[in-house]
Structures are given as C-alpha cells and as structure tokens.
1. Residue A:378: which lysines have alpha carbons under 16 Å from its alpha carbon, excluding same-chain residues fewer than 8 sequence positions away?
2. Give, rounded to the nearest 20 debye, the magnitude of the charge dipole that the stretch B:2-121 has about its Cα centre when Lys and Arg contribute +1 at Cβ and Asp and Glu contribute -1 at Cβ.
3. Work out the FRET efficiency for residue A:357 and residue A:180 from their Cβ-Cβ distance, taking R0 = 30 Å, and round it to the nearest 0.05.
4. Over 30 Å between C-alpha atoms is what I'm after, so list which of B:2/B:78; B:40/C:58; B:40/B:78 land there.
5. So, by mean Cβ neighbours within 10 angstrom, what's the order for C:86-96, A:384-394 with the highest one leading?
6. Which of the lysines could a cross-linker span from residue A:286 if the Cα-Cα distance has to be under 28 Å and same-chain partners fewer than 8 positions apart are dropped?
7. Report, as an integer, the average count of C-beta atoms from other chains found within 10 Å of each Cβ along A:108-120.
8. Go through the stretch A:287-336 and name the trypsin sites (Lys or Arg not before Pro) that are in a DSSP coil and have 16 or fewer other Cβ atoms within 10 Å of their Cβ.
Amino acid sequence: MADHQHDASIEHLLRELAPQVLGAVARRFLDFSSAEDAVQEAMIAAFTQWPQEGVPDNPRGWLIQVACRRMTDQMRSEIARRERETAVAAETENLAFLLEIEADMDPDDTLILLFMCCHSALTPSSAIALTLRAVGGLTTAEIANAFLVPEATMAQRISRAKQSIKASGVPFRLPSPRERSERLPAVLHVLYLIFSEGYASSIGSHLQRLDLAREAIRLTRNTKTLLADNSEVAGLLALMLLTDARRAARTGPDEEIIPLDKQDRTLWDRAEISEGIELLTAALSKASVGLYQLQAAIAAVHDEAEKVEDTDWPQILALYELLKRVAPSPMVTLNHAIAAAMVQGPAKGLELLRALDSDPRIAGHYRLDAVRAHLLEKTGDYEAAIKHYRIAAARTTSIPERNYLMTQAAHLAGD
Amino acid sequence: MKYILMMTGKKSDFEGYARWSKEDIQANVSFMRAFSKELKDSGVFVSTEGLGWPSEAKLVRAGKNGEPIIDGVFPESKEFLAGYWIIDVESAEQAYKAAAQASQAPGPGGKPASMPIEVRPVLSGHADLGL
Amino acid sequence: MKYILLMSGTRAGVEGYHAWSKQDIEAHMAALQRINKELTASGEFFATQGLAEPSEAKVVRGEKNGVPVTDGIFPESKEFLLGYWIVDVASVERAYAIAGQISAAPGPGGKPTNMPIEVRQFSKP
C-alpha cells in the first residue's frame, strides 16, 4: 500500500516537472524534437530508479542532467560538427552548465510548449498526443492505452507530430500577445478534446486506465495559472469541473447511460460544482463572454438545481441564444432546440430542428435523430419517436449510446 | 475514429487464391505487408489479422445443457472474412482512401485486383458528453 | 491459442433486434457483459469489438488512379459482421464452449437466441 502511494506521488511529481524540464532543455539546445525524446527517456529512467533509490534532493536538476546527457549521446552518434560536439559534450558534464540551464528556466516554458503542441499545423489527434506527452508528462504507453491504440502507433503519431512542427518552423519562443490570442482557441480546443474523448470502457482492461478527464483538468488548471488574466481559460476549467462533477451519476452499474434528467443528483460532486461556479463568476465579471464561459454557465444552471424540476430552463434558453450568436454551430442549435422545447413546448423545439435538416455538417449525425426522437416522444408521437430512436441507434458509434437509444425505442414500443 | 476494413471471399475465391502462381502469391503477400507497414508509419494502425481457411471454419450454436453444437456446413455462396485492418483516422474519407489502397493488392498476373473492401466504423465503449 | 469468434447478421436480422422489448435488450446486453467480465477474469480475453450497423457499411474499390469508389449497396441476404471476440484459450474445445455461451445469450422472451457464432483460427504470419 505504501509502495503504491509512493509510486503514485513520484508519477505526479514527474508529470509536473516534465514540461519544465523539456522547456529548459529545448530552449538550451534549440531542438524541441530531440529534447522531447531525451526528456521522455529521462522520465522513464526516473520512474524506474526513484522508487528504489529514493527521489533526489533536486529532482528537476536530476532530470535535466540525464536529459542533457542523452542529448549529447545522440549528437555524438550523428554526423555533426566535431568541435561543437566535443564542446557541448564537455559542457554537459559541467555542473555550472546545468545550474545555468536551471537558472535560465522561464515559467513561460510550459506555455511555449503548450502553444507549440497545439499548433494548427497538427491534426487534432496529433496535437492531443503531443500535448499529453510534452506538456502532460505522460508516457507513450499511457497515452496509447488511454486511446486504445498500440504503443508503437502512438509513438509514431508523436514522432510525426514533432516532424510537422519542425517543418513548420515554429520557433521556441512565447508567441506575441496578438499571436497568443489568435492561437489560444486551438490550445483550448485540444484541452477540451482531451477532456471529452477520454472516456473508455473498462472491458478487458488489465491496466489501470489513465483518467484523461482528470488529466485535462490538471493541464487546464496549469494553463490558467500561466494565463491568469484569461477568462476563456477560466471558463474552460469551470466547464470541465461542472461537467466532471456529474460523473458518478452518469453511468449505471452495467455502464449504461443515465441521462441528465434521470441522474441521482446526490451523487454529484458538490465541491467540484462550487469550485466551477466560483471560477465562472470571476470569469464572467471580466466583460468578454466567450464560448467556454457560456457553456460553463449552462452547466452551472443545471448543476445548481438540486432536483431536476428546479432546473431554470428559461435561463438556459437565454444562454443558448447568446451562444448561438457568439459561437454558432449545429450542436449549439441542437442543444438550443432542447432548451426551447423545455420552455416553449416540444413543437417549438422540433421547429428549430428543421433548420438543421439541410445542414451538411450534421446531416446523418446520430444526435439529430436522437434529439428529434426525444422531442417527438414529448409530443406523444411515439411512432415517429421510435423510428428516429432506431435511426439514431444505427448511426451512433458509441456502444452505451446505442444501447440507450435502442432501449428508449423499445420502451416506447412496449407501452 | 476507428474503422474496420474487411476483406472477404467465397470458398471458391479461397480455392482460387491457393492455385495462384508462387510469384503472384508472393506479390500479394508483399503488398499486404507493405500496406500494413504504411499504416504503422503514418500512426493510424490499430490491428490486422489474417484468418484461417474456410475449410477450418466452424459454426457453433448453443445446445442443450450448455453443450455447444458444432458444424462446418456453410452455403457455397457464403462470404467468409479473410482478414481485416482496424485503423484510427481523422475522417471516414481517410478510411476509404486506405481501403482503396488495400483494394489494389495485386492478383493473378500481378494486376491490381480491385477487390471490394467493406468499411465500417468500429464502435467505442464510451459515451458522448454532448458538449 | 487464439481464435476469433464472429457474430454476424443480415440487415433484416438487425432490424428485428431493434424491435426487441426493453427487458430483452437489457438482458442480452447484460449476458454479453457478463461473458466479457468472465473472460477477463480467466485471462482468456484478448479483444472484442462491436461494429457499426449494416446501414453504416460502405464498400470501397480502388480505381486505377487510386481514387476510392464507394457505395453502400449490398444484397439483402448479405451477412454482415456485427462484432467479434478474440480469445486466447488452451484448446479449441474451450473456444467452442465460449462461442456456445455467446450463442446462448437471451433473446426475445428471454429464450437463448441460438445465433450461430463462427469460430476461426488465425493464419500463421
């Protein structure tokens, strides 16, 4: 038991230190890609040695030293300018050199890494993988396991992501304030995807599956610390906490889905909800109102209702109307229709859905039929509801969703 | 998003394949290996399997007292799964492109066989947050 | 030894499944879940996947220039793969027994579906 806790705290320490070490080494050698590999190896060495030998007095310094040594070993085995090699090789054994690197460390290094890893040159899955490794300090195996792909595939994905970054010539420096505000949405989107894509079934898993939602929250917290004035980051963190708070109530014993209106709200995490609301209140007071703050505000209204019948739907509807103006999308329209149905009746909701029938972005998406079915059920048109539940069940790619939609249809058919 | 790419064949297709020239079989095998390798290099590979011959296939049904009923009788027209790839890609289009590539595996005389490859999403065990 | 256990169905069969009662669907799901848990506990579990429904299937052929040609047209009688299990077992009899269990999973009215499960070996690499 003590061993397990010891290992867990080492793991936590390594994850927090990883981006700091990577930042320092990448900045020194001006080679993000090789530095990333070297730091990864230093982490693995630490994870193997520290549980047995004890955590060093200066764990960060230890990691920097091991990573630098790895960097020069790599450089030695490449064809490079001899003089530079020997000079640097000699240096890395020099304590002063290492202390210099540590002294040179910039709290912004993690931010630089974050912007780098979420660069728009990368596909979403590449950005997610690279961010989890370089900024999250997770191992390739952990990331592979979380996404249910082989380790070799994940390693390749990360390697190619780093090549893309190299090819796009992104320098290792903090983007200017204007670049930052242009590129922050991409960063937030990656963090958001990590949060929402992290859930996986426990069937057949032998390893403790990494909790990606928790990782996303941790990374977003760190980002918020680095960008303290930014209300959208705070909004995203609030959204994650307010959504994660409902986790225990969201699935039943057989991993079946329990919809929001049927959840046992006593299982909601009130501490997370309080924190989310606190963050949100502070964020909203800062004038600008963005996509994540609005979504968080909607989640907060749901979470504040101790009983489902206490839900303030008119407020939710107003927030969706605002969201439709700030960040329109087919999903927002869908959710808006649900809210409208709760306030103005299901016929109104169905009317709003019609706008989506000709939208190619959502045509054929299971949620359109699922929401339509739900609203048709509310109007009492069971036959049409059953038909759409079944279409949605055929179209979803999620097993729990399919089971849910099928049993909804079956439930109506049985009445 | 994970997709499965499936190759099937009737018993007669398998028997035909077994009678290809050694060079043709080799070319086909090499192509398949190179295809899998390309999937691995591009970071999309999840798994691949080649299945045994249909003559070895068995059909099992639940019997009485928990004893399974086993037989090996299939209609001549049955399409047997010969093998599959599972890939993790950003879009359905990417999956179709990969399938089109696999479809061009060389057949008799080394010509691309243009085999039909069935493509379908693999279901995930997780739910949508609906955010 | 690894075996693959294949569960297939026609489009009509899948539509029929959609029309089962709520209890029947839940009982069927629970039985399959139970089998998965047992296989995990016994160490015989290797992999399982469920595939999207036949309505989502496409057939792709590569044109000469590599451009994919897709369509979703299949004969009515076509058996679609719905899902599979890969089990790592000590004997082929064990593979048949597991397949038999899957086949015995309850269907309409709680009676075993008796659906045929195809058992195949893998070819040697």
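1. Residue A:378 reaches A:262, A:348, A:387.
2. 140 debye
3. 0.15
4. Violating the 30 Å limit, Cα to Cα: B:40/B:78.
5. Per-residue mean Cβ counts within 10 Å order the peptides as A:384-394, C:86-96.
6. Of all the lysines, those that pass the test against residue A:286 - Cα under 28 Å, at least 8 places apart if same chain - are A:224, A:324.
7. Other-chain Cβ atoms within 10 Å of each residue's Cβ, averaged: 0.
8. Filter output for the stretch A:287-336: A:307.
Each reported figure results from applying straightforward, stated rules to the coordinates on display, with no laboratory input. The structure displayed is predicted, hence computed values, not measured ones. Neighbour counts run over all protein chains shown; Cβ positions are idealised from the backbone, glycine included.
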